[in-house]
Amino acid sequence: MINWRSTLAIYRNELARFRRTIFGSIVSPVLTTSLYFIVFGAAIGGRISEVGGVDYGAFIVPGLLMLTLLSESTSNASFGIYMPKFTGAIYELLSAPVGVAETLLGFVGAAATKSLILAAIILATATLFVDYSIAHPVFALFYIMLVAASFSLLGFILGVWAEGFEKLQMVPLLILTPLTFLGGTFYSIDMLPSPWDKVALANPIVYLVNGLRWTFYGDSDVSIGISFGLTLGFLAICVAVIAVIFRTGWRLRT
C-alpha cells in the first residue's frame with residue numbers, strides 16, 4: 001500500500017526547490033530554444049525549405065523538445081537525489097517509513113513535472129518562430145510523459161551513482177547531449193549518405209526523436225512501434241536497477 005502522504009511530502013519539497021530557482025529554470029530554456037530557431041531555423045532553413053513535406057522550422061520542433069526533455073529530466077532527478085546524499089539528509093529518508101515506491105514517485109514525479117512544465121514553455125516559445133501542428137496530441141502527451149519519466153529514472157540512478165558534482169554532469173554533457181545532436185534533432189537520417197544512415201540507427205536517441213516527430217507530423221524515419229517499445233523497455237530497465245539499488249543499499253548507506 002503506497003503511503004501517499006510521504007509521496008506528497010517528497011514531491012512538494014522537490015517542487016519547492018524548483019520554485020526557488022524558477023526564473024533561471026525558465027529563462028535558460030527559452031533563450032536556448034530561441035537561439036536554436038534563430039541559428040538553425042534562419043541559417044539552415046534558408047537552404048532547406050522542407051524536410052519530408054514539413055517546413056524546416058517546424059520539423060526541428062520535436063527534436064528541440066526532446067533535447068530539452070532529456071537534459072532537464074536527467075539533471076533535475078539526479079540533482080534531487082544527490083543533494084540529500086551530499087548533505088547527509090538521505091539517512092533521514094532511509095530511516096523513515098517510506099518505501100521505494102513512495103521515494104520514486106516523489107523524486108521522479110517532481111523531476112518529470114518540472115520537465116513537462118519546461119516542455120510546455122518550449123512549445124509556447126516555438127509558436128513565436130514557426131507554425132507547427134500536432135497530428136496526434138494524445139499520443140504526443142503520452143510519449144512526452146513517458147520520456148520524461150524514463151529519463152527522470154535514469155537521472156535518479158545517476159544521482160545515486162555520482163560521488164561528486166563532476167560525475168553528476170558527466171553523462172548528460174558527455175553522452176546524452178552529443179547523442180541527441182547526432183540523433184536527428186536537426187535533420188532526417190534519410191538525408192545521410194550510406195553507410196551513415198544505417199550507422200545512425202545504432203543511436204537510441206534516433207528512436208526517441210522520431211517517435212515524438214511521428215506524434216507531431218504522422219511520419220518518421222523509423223517504426224513508431226519500435227520507438228514506443230524501446231522507450232518502455234528503457235523505463236522497465238531503470239525501474240529494475242533502482243529496485244536493486246534500494247534492496248542492496250548501493251551508494252545510499254555509505
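Every read-out reported here was derived from the displayed coordinates using simple, explicitly stated rules and does not represent laboratory data. Values in this document were obtained by computation on a predicted structure and should not be read as measured data. Reconstructed Cβ throughout: ideal geometry from the backbone, glycine too, with neighbour counts over all protein chains shown.
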Report task. Place the peptides 82-92, 181-191, 140-150 in order of packing, highest mean first, counting for every residue the other Cβ atoms within 10 Å and averaging per peptide. Result -> 140-150, 181-191, 82-92
Requested in this report: Please find, in a Gaussian network model of the chain (springs between Cα atoms separated by less than 10 Å), the residue of Val239, Val199, Val61 whose mean-square fluctuation is greatest.
Outcome: Val199
Query raised in the report: Fully extended, how many nm does the chain gain between Leu173 and Ala89 (0.36 nm per residue separation, minus their Cα-Cα distance)?
Result: 27.5 nm
Report task. Work out, step by step, the length gained on full extension between Arg5 and Arg47: first 0.36 nm times the residue separation, then minus their alpha carbon distance; give nm to one decimal. Result -> 9.6 nm
Report summary line: the range 199-254 and the range 93-139 have their Cα centres apart by a whole-number Å value of 15
Query - Kirkwood Rh in Å, taken over all unlike Cα pairs in the range 4-248 - result: 18.7
Query - Cα-based reach from Lys198 at 15 Å (exclusive), listing aspartates and glutamates while leaving out same-chain residues under 8 positions away - result: Asp190, Asp221
Report summary line: For the chain, whose charge dipole is built from +1 on Lys and Arg Cβ atoms and -1 on Asp and Glu Cβ atoms, the candidate among Gly184, Ser220, Gly155 with its Cα farthest towards the positive end is Gly155
Requested in this report: Grab the other residues whose beta carbon is less than 14 angstrom from that of Trp196, score K and R as +1, D and E as -1, and report the net.
Outcome: -2
Report task. Return the whole-Å distance between the Cα centroid of the range 54-78 and the Cα centroid of the range 1-42. Result -> 14
Query raised in the report: Given charges of +1 on the Cβ of Lys and Arg and -1 on the Cβ of Asp and Glu, with all other atoms neutral, how large is the dipole of the range 4-248 about its Cα centre, in debye to the nearest 20?
Result: 700
Query raised in the report: Which residue, chosen from Ala202, Met1, Tyr56, occupies the Cα position most advanced towards the positive end of the dipole of the chain, where the dipole is computed from +1 (Lys, Arg) and -1 (Asp, Glu) charges on Cβ about the Cα centre?
Result: Met1
Report summary line: The exposure ranking of Glu72, Glu14, fewest beta-carbon neighbours within 10 Å first, is Glu14, Glu72
